[in-house]
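Read-outs: derived from the displayed coordinates by stated rules, not from any lab. All values derive from a computational prediction rather than experimental measurement. Every residue, glycine among them, receives a Cβ derived from its backbone with ideal geometry; neighbour counts consider all protein chains shown.
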Amino acid sequence: MKTRIGVGAAAVLAAGAMAAAGVGAASAASTPTAVSTATASPEIKTAKTGHRLGGLEAFLKIKEDSPQAAGDRAAKAATALANHPQLFAKLPAALQSDVTTLKDAPAADRVKDAYKIKTTALSGGYGAEIQKRAEALEKTATGLAGLRQELRTAFSSDNPGAGLQKVADQLISHPKLFAKLPANLQADLTALKNAAPADLDAQANKIKDTALNGGYGAKVQKMAEALQKKAATPST
């Protein structure tokens, strides 16, 4: 169990530290798009207009069968966006209309209305510029979903080192994202990536111990402690 907890704590560094560092989903994209994961209304800055088009990431996370809570978060993002009139006015009229519909939607309709924004953006219904941004965010989100799955697999595996090594490899393959992690975490993830099979579990435990001792900073330590507590609680 100790090894599983260790990998779980290390896993949160790989994913959670990105949020702690304020890394947006579009950080790894080649386009000059700035997305904040720390707010309810992420913002997108287009190179062409210089205006900020906020909220797309919150809507693009929605699936057709997402839980009610996801719809509630999307509605909150729509409300935040509508409450910034100068920003809101820069959106295409069709997107303004759909955001307003989502903002005012009853709880039961929020997932459906947010999903409509996602599919319309991806199909070009709000114009080519937003379609391009939406496609970039969707690609990044898909990659992050795969990363989370790898983390879950590593956390539950009897041989977690190899799974976490894949996570380290994926993070390192996105230099802009990787650069946002604490320097010593970068070094330890690099060591894990290059470790021999026999050393993987030991390297994972080193990352876990460093995280729990605050060696990667207070934010990562807090995440590691929360994950360790969750790992010690039996699933229901």
### Task
Order by neighbour count: LEU200, LEU185, LEU102, fewest other Cβ atoms within 10 Å first, most last.
LEU200, LEU185, LEU102
### Query
Using +1 on the beta carbon of Lys and Arg, -1 on that of Asp and Glu, and nothing else charged, what's the dipole of the range 43-138 about the Cα centre, debye to 20?
260
### Task
State log₁₀ I(q)/I(0) for the range 43-138 at q = 0.10, 0.18 Å⁻¹ as given by the Debye formula over alpha-carbon point scatterers of equal weight, solvent excluded.
-0.22, -0.72
### Task
Quickly work out the ALA226-to-ASN159 label distance, labels modelled 7 Å from Cα along the C-beta direction, and quote it in nm with one decimal.
3.3
